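First the structure, in the form of structure tokens, and then the observations on it.
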2 protein chains.
Amino acid sequence: MTTALDDSTRNGVDTAALFATLDAVKAAPAAAAFQFRARNEWISGTHSRGTINEYFGAGEERTHERVFQFDADHPAVLVGRDNGPTPVEFVLHALASCLTAGLANIAAARGIQLTQVRSTVSGDIDLNGILGLDPTVRNGYQRITVRLTVKGDAPAEKLREIVEQSRARSAVYDVISGQVPVAIEVDTD
Amino acid sequence: MTTALDDSTRNGVDTAALFATLDAVKAAPAAAAFQFRARNEWISGTHSRGTINEYFGAGEERTHERVFQFDADHPAVLVGRDNGPTPVEFVLHALASCLTAGLANIAAARGIQLTQVRSTVSGDIDLNGILGLDPTVRNGYQRITVRLTVKGDAPAEKLREIVEQSRARSAVYDVISGQVPVAIEVDTD
């Protein structure tokens with residue numbers, strides 16, 4: 001993989017735009033209020049289809065450049081038809097992609113050229129929880145492990161610092177390792 | 001949408017298989033130990049590609065019926081190229097699809113025929129957190145709101161009970177609203 005190496009683009013990150021965005025938010029903190037959304041429609045059994053398109057950010061309603069759709073399902077061993085990954089697998093994908101995007105941005109800001117970022121995120125779950133068979137077992141992951149391989153034109157110590165900073169600023173890491181209040185509103189009409 | 005209405009399949013859920021799975025796990029609780037995984041490869045900037053295929057469950061290594069791949073990116077307003085949803089949007093999709101799958105299973109187990117499940121999950125986030133501009137602002141979602149429309153051949157009260165039970169047994173709800181320990185291991189060789 002080759003990436004343009006000039007002052008404004010490193011690791012495919014437009015660092016000038018990155019710093020301009022930081023300055024813009026510093027000048028007008030309210031611009032940092034975002035709301036992301038996912039819509040979902042049940043298809044059959046454990047199979048549903050999610051749609052991601054519109055969001056609010058930087059002061060206005062926006063849409064992605066195209067509409068993204070993703071099916072989710074359970075595999076046969078979990079009484080589904082495997083039309084998509086399980087919902088919990090999407091959580092792992094979210095964590096991997098969040099840490100990776102942060103790595104690229106932080107490395108670019110620090111003048112480090114990355115050549116490879118690969119990861120495997122694994123989550124251990126005991127289905128005695130969601131099956132209601134053991135009240136002492138939680139429903140979600142008991143632990144998640146991220147194994148990252150990071151290569152670039154900096155010593156290992158610097159690369160590890162970038163990983164640590166990416167973790168420290170990762171939205172998805174925070175959602176998973178912290179607690180987010182979730183409200184559920186139901187319409188049956 | 002029409003769904004077969006016989007004793008063993010309701011809402012597209014093979015209830016006989018569902019109860020057989022419950023009995024199998026009751027008889028051998030260790031079969032409930034699953035490990036899900038997502039692999040990720042950085043492409044450029046905030047753009048990465050996730051791959052979901054192999055997992056461990058019910059005592060053995062398994063693979064999905066096909067390899068699922070999903071790109072993630074930031075939109076231009078967040079200094080990306082919009083090649084995919086943002087990582088935090090995948091979290092919302094995971095929550096919607098998890099609650100929906102649970103609804104279908106629980107309704108089937110209770111003999112209720114669903115005709116529609118639609119949802120919009122929205123997450124509010126203040127980017128002053130991940131931009132490092134305000135140490136009092138968290139990196140992740142400050143709150144998530146799920147708006148569900150559920151229709152079926154049961155009174156509203158019963159449908160609401162099913163939603164509550166789905167929430168109470170949702171793995172993704174638990175991950176988001178609880179705290180999951182996350183370990184990060186870095187290889188720079």
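The values are calculated or read from the model by the stated rules, or taken from the named source; none is laboratory data. A quick note: this is a predicted structure, and the numbers were derived from the prediction, not measured. Cβ atoms come from the backbone with ideal geometry, glycine included; neighbour counts cover every protein chain shown.
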Which of the numbered conditions does A:Gly80 fail, given that it passes all the others? Conditions: (1) out of contact with any Lys or Arg (no Cβ under 7 Å at 6 or more places or on another chain); (2) more than 7 Å from chain B (Cβ to nearest Cβ); (3) under 22 Å from A:Ala154 (Cβ atoms); (4) surrounded by 15 or more Cβ atoms within 10 Å (Cβ to Cβ).
(3)
Those residues of the stretch B:131-155 which are of a type in the set (Ser, Thr, Tyr), in a loop (DSSP other than H, G, I, E, B) and out of contact with any helix residue (DSSP H, G or I) (no Cβ under 9 Å at 6 or more places or on another chain), in sequence order:
B:Thr136
For residues that are β-branched (Val, Ile, Thr) and more than 16 Å from the chain's Cα centre (by Cα), scanning just the stretch B:64-86, find the one that is farthest from A:Cys98 (Cα to Cα).
B:Val67
For A:Glu89, state whether it is part of a strand (DSSP E or B), within 21 Å of the chain's Cα centre (by Cα) and either in the same structural domain as A:Arg110 (by TED's automatic domain parsing) or not basic (Lys, Arg) (or both).
no
Residue satisfying all of: in the stretch A:13-44; at pLDDT below 95 and outside any helix (DSSP H, G or I); surrounded by the fewest Cβ atoms within 10 Å (Cβ to Cβ) among these:
A:Ala28
Is it fair to say A:Ile112 is in a loop (DSSP other than H, G, I, E, B), on the phi < 0 side of the Ramachandran plot, surrounded by fewer than 24 Cβ atoms within 10 Å (Cβ to Cβ) and modelled with pLDDT of 95 or more?
yes
Being under 30 Å from B:Glu164 (Cβ atoms), within 7 Å of chain B (Cβ to nearest Cβ), surrounded by 20 or more Cβ atoms within 10 Å (Cβ to Cβ) and touching a Leu at 6+ places or on another chain (Cβ under 6 Å) narrows it down to one residue among A:Val182, A:Val88, A:Val150, A:Val172; which is it?
A:Val172
Answer from B:Gly102, B:Gly80 - the residue that is of a type outside the set (A, V, I, L, M) and in contact (Cβ under 8 Å) with a residue 40 or more places away in the chain:
B:Gly102
I need the full set of residues from the stretch B:170-189 which are within 18 Å of A:Phe90 (Cβ to Cβ) and not in a helix (DSSP H, G or I), in order please.
B:Ser170, B:Gly178, B:Val180, B:Val182
In the set A:Ile162, A:Ile106, which member is more than 8 Å from chain B (Cβ to nearest Cβ) and surrounded by fewer than 24 Cβ atoms within 10 Å (Cβ to Cβ)?
A:Ile106
Counted residues, the stretch B:69-86 - those being part of a helix (DSSP H, G or I) and out of contact with any Gly (no Cβ under 9 Å at 6 or more places or on another chain)
1
Give the number of residues within the stretch B:53-76 that are surrounded by fewer than 22 Cβ atoms within 10 Å (Cβ to Cβ), of a type in the set (A, V, I, L, M) and under 27 Å from A:Gly152 (Cβ atoms).
1
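What residue, among those in the stretch A:48-63 that are touching a residue at least 12 places away in the same chain (Cβ under 8 Å) and within 7 Å of chain B (Cβ to nearest Cβ), is nearest to the chain's Cα centre (by Cα)?
Ranking the candidates gives A:Ile52 first.
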